[in-house]
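Notes follow the structure.
The values are calculated or read from the model by the stated rules, or taken from the named source; none is laboratory data. Note that the structure is a prediction, hence the values are computed from the model and not measured. In this analysis, Cβ positions are derived from the backbone assuming ideal geometry, glycine residues included, and neighbour counts consider all displayed protein chains. Heads up: the accessible areas ignore ligands, DNA and RNA and are worked out on the full protein's heavy atoms, side chains in. Shrake-Rupley method; radii C 1.70, N 1.55, O 1.52, S 1.80 Å.
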2 protein chains.
Amino acid sequence: MQVSVVSAVVAAVNDLEPGMPAGGLADRVADELTRFVDQHAELLLSLSADLRPLAEVARAAVLDGGKRLRPTFAYWGWRSVLPADEPGTDALLRAAASLELLQACALVHDDLLDASDTRRGQPAAHVRFGAHHTDQGWPGEPGSFGSAGALLLGDLLLSWAEEMFADAAAGLPAAHAPGARREFDLMRTEVVAGQFLDVLAQRRGDYSADEAVAVIRLKTSKYTVARPLLLGAAAAGGDQRLRAELAAYGHAVGEAFQLRDDLLGVFGDPAETGKPAGDDLREGKRTLLVALAMAAATPDQRAVLRAGLGNRQLTEEGVTELRGLLTSTGARDAVERRIVERATEAAASLTDRLRPEARTALLELAEAAAHRRF
Amino acid sequence: MQVSVVSAVVAAVNDLEPGMPAGGLADRVADELTRFVDQHAELLLSLSADLRPLAEVARAAVLDGGKRLRPTFAYWGWRSVLPADEPGTDALLRAAASLELLQACALVHDDLLDASDTRRGQPAAHVRFGAHHTDQGWPGEPGSFGSAGALLLGDLLLSWAEEMFADAAAGLPAAHAPGARREFDLMRTEVVAGQFLDVLAQRRGDYSADEAVAVIRLKTSKYTVARPLLLGAAAAGGDQRLRAELAAYGHAVGEAFQLRDDLLGVFGDPAETGKPAGDDLREGKRTLLVALAMAAATPDQRAVLRAGLGNRQLTEEGVTELRGLLTSTGARDAVERRIVERATEAAASLTDRLRPEARTALLELAEAAAHRRF
């Protein structure tokens, strides 16, 4: 697992918490997930020993790292309202951990859709299933077994996310559990909606900056930051005005986080990001960066961008040329400015309506999301 | 929507119920689903007008027919314990309706996996999305947009199933709701497990009768009959012995239902089944019928079976030859005998521990499942 600035800040922020074990929230979440997945892997094997590959790839998809961002935001949403030793914190942490099962489903299905073969430096789920096919020497195409396995695994992880959430929610304060459930429900519909809009944007020829921002709003701002925060705050009984502050913060931080991700995907140092340089360009990833460059480009420049973006065979020189255009059109600077604006907006959203320790933690997280280098 | 013997029996059985509107349970379930899907389609459109195709294909996937078998069994599980006018029946019917969202997900993802282009005589979801791509004149491959759309739609339907179930379960008797949730959770893990075993069976070369039966057990017996029945019975507070009877009935009826389906897929009259003759053979569907034929075949016959099964180009003569082998090896008769055994076993499982009207309804459903012609 790659240790990024965000992970380090998440860890540092959480280590400050009284009552957390060493390793903080990420370890607590990992413990909950390990217990759940072990139990369910056992259930699968009790149904049939042939389900072992499904159980094993499930374990890898859930337990191999990740920044645990969504549980972190859910926790600090809760802590915006309640002190660290509040009863119900255990249930909240389990509910927060269930968001990682949802995320594991999203990544497994995303990698399948995008035919992305690695995830966090490891083989993607469909690649693992394909390798199992090859190892077993089965007739037919390993790729199609890989796809089938990943499709089914994603479905399983989504079901498990809901099972774990529902079980945890039963331990939340009864008056507030329905509010947390509502955020959980919206989050699941919105992430699919965001993915669908993203797929649409990739299909259509050109797309506007507004369309790019709409995708970010659903796929990252709401899904990664705002809904988890609001879920935690709702579980804690946070009032409407507090939740409006958290929502504003979440949308701003989520956007800053995604825009930084987009810049790192094009201009980041592969030695730091762990991603081959130019991959986002070769994949034709639709970003605000690209939309702004398209809008500002001359017709000749636009032709170069169109020809290069999404071209899997793009050479190193081609990547360098596209990078040059993304810079010279002013798109890169515009995105950098937008990140600063969003980070500032995020910081300004939070008042002393929040508990001070939560406000401090959220400000640090906003800073890390906007300014990480990997 | 095709009106089969099973649908007719389901309707007749449910029409007997006091308190049911005309059209019986199927109409109640359709009403609940329509309300839920309308509300959620509106939510999607409030996020972005571009989500219209997702909302429209969702509506088609959920509301275009189906036998509503799972809600029927869930209802009669409940009625095994409680009278028709019991408070909580509305909540149970909503929980039962949510199983159709789960089934809609399973069908959308199944059709994608199997590249089956029609479902209930209508275009499958991936075909509808592909057609949308073509209509819009987008660049690129309509098929890959179709796959992406169907993958995401299935995820959405699976989320919605759980959302609707959780909401309904809050209206069930509080002491019994966790038991119903447990059945719902097991059902979702088991159906994915069954699908995975089915995919495995299709990958491996030969497979045994035992393997075929293991797939039936998870994919049909538990998923279609036993878990819905047990969900209803648990929600009603049915005791352990009653639930054991229902489980035994469910496993037997589910197997009889699936074996009849397998026979109809090969020997059924296309004018009655609505499915082209020989399609199951051309798809290489792995069934107990085929496993038994393989085991009893001479080496020459086995070579003919292997060459023909799963051959999409198989001619009419080829189909006739395979049908002949499935009959002459004794496999067809063996499956017919097994259906009778299972139907008898199902009938024998039910005692006067059940309310008499539920016992009558379940006996009729068992008979219809085993002896339908389409």
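Annotations for the structure displayed:
- When each of the peptides B:156-164, A:312-320 is scored by how many other beta carbons lie within 10 Å of its residues on average, the order from highest to lowest is B:156-164, A:312-320.
- Each other copy holds its own label point for A:PRO178; taking that point as 7 Å from Cα along Cα to Cβ, the gaps run 2.1 nm, nearest first.
- Computed from the alpha carbon positions, the gyration tensor of the range B:82-232 leads to an equivalent ellipsoid with semi-axes of 32, 23, 11 Å, biggest first.
- A:GLN122-B:ALA295 FRET efficiency (beta carbon distance; Förster radius 30 Å; 0.05 resolution): 0.15
- Placing R0 at 35 angstrom, the Cβ-Cβ distance between B:ASP239 and B:GLU42 gives a FRET efficiency of 0.25 after rounding to 0.05.
- Relative to the Cα centre, the charge distribution of chain B, modelled as +1 at Lys and Arg Cβ and -1 at Asp and Glu Cβ, gives a dipole magnitude of about 720 debye.
- Lys, Arg +1 and Asp, Glu -1 on Cβ, resulting dipole of the range A:221-292 about Cα centre, debye, nearest 20: 300
- For the range A:207-319, the solvent-accessible area works out to 37 Å² per residue, with a probe of 1.4 Å and every protein chain left in place.
- Sequentially through the range B:166-173, phi angles give Karplus couplings (6.51, -1.76, 1.60; θ = phi - 60°) of 4, 5, 5, 4, 5, x, 7, x Hz, Gly and Pro residues having no value and appearing as x.
- Rg and Dmax of the protein assembly as shown, both derived from C-alpha coordinates alone, stand at 26.9, 82 Å.
- If you plug the beta carbon distance of A:GLU86 and A:GLU56 into 1/(1 + (r/R0)^6) with R0 = 30 Å, you get a FRET efficiency near 0.20.
- Using θ = phi - 60° and Karplus 6.51 cos²θ - 1.76 cosθ + 1.60, couplings along the range B:213-229 (whole Hz; Gly, Pro as x): 5, 4, 5, 4, 4, 7, 6, 10, 4, 6, 5, 8, 10, 5, 5, x, 4
- Chain A, rotation onto B, residue closest to that axis via Cβ, with its distance in Å: A:GLU162, 2
- Summing charges over all other residues whose Cβ lies under 9 Å from the Cβ of A:VAL215, with Lys and Arg as +1 and Asp and Glu as -1, gives +1.
- Dipole of chain B, positive end: most advanced residue of B:LEU365, B:ASN311, B:ALA252 [Cβ charges, Cα centre]: B:ALA252
- Shielding by partners - mean other protein chain Cβ count within 10 Å, residues of B:48-61: 3
- Chain B: calculated mean residue ellipticity at 222 nm from DSSP helix runs of at least 4, using -39500 (n - 2.57): -24000 deg cm²/dmol
- Label 7 Å beyond Cα on the Cβ vector: A:VAL304 copy-to-copy distances, nm: 6.7
- The range B:324-374-the range A:105-182 distance, computed between alpha-carbon centres (Å): 37
- Taking Lys and Arg as +1 and Asp and Glu as -1, the other residues whose beta-carbon sits under 12 Å from that of B:ALA166 total -3.
- Radius 11 Å from Cβ of A:GLU345, net charge of other residues (Lys, Arg +1; Asp, Glu -1): 0
- Here is how far apart the B:GLU316 label points are across copies: 6.3 nm, shortest first, using a point 7 Å from Cα toward Cβ.
- Phi to ³J(HN,Hα) by Karplus 6.51 cos²θ - 1.76 cosθ + 1.60 over the range B:63-70, Hz, x for Gly, Pro: 9, 7, x, x, 7, 6, 5, 5
- Chain A: relative contact order in percent, alpha carbon pairs under 8 Å with at least 6 residues between: 19
- Lys/Arg +1, Asp/Glu -1 at C-beta; the range A:79-209 dipole; positive extreme among A:LEU186, A:PHE196, A:GLY171: A:PHE196
- For chain A, Kirkwood radius (reciprocal of mean inverse C-alpha pair distance, Å): 21.5
- Dividing the C-alpha radius of gyration of the range A:24-121 by 2.2 N^0.38 Å, with N its residue count, gives 1.22.
- In the range B:12-155, a dipole from Cβ-located charges (positive for Lys and Arg, negative for Asp and Glu) runs towards its positive end, and of B:HIS126, B:PRO83, B:ALA97 it is B:PRO83 whose Cα lies farthest in that direction.
- Cross-linked pairs A:LYS222/B:LYS67; A:LYS67/A:LYS219; A:LYS219/B:LYS219; B:LYS67/B:LYS275; A:LYS67/A:LYS285: Cα-Cα separations exceed 28 Å for A:LYS222/B:LYS67; A:LYS219/B:LYS219.
- The range A:210-232-the range B:29-61 distance, computed between alpha-carbon centres (Å): 21
- Reciprocal mean inverse distance between Cα atoms of the range A:208-293 - Kirkwood radius, Å: 14.1
- Sequence-distant residues sharing a close amide H with B:THR118 (under 5 Å, placed H): B:ALA124
- The protein assembly as shown - charge dipole about Cα centre, Lys and Arg +1 at Cβ, Asp and Glu -1, debye rounded to 20: 80
- Per-residue average of Cβ from other chains inside 10 Å of A:105-113: 2
- Buried accessible surface for the A/B chain pair comes to about 4500 Å², total over both chains, computed with a 1.4 Å probe.
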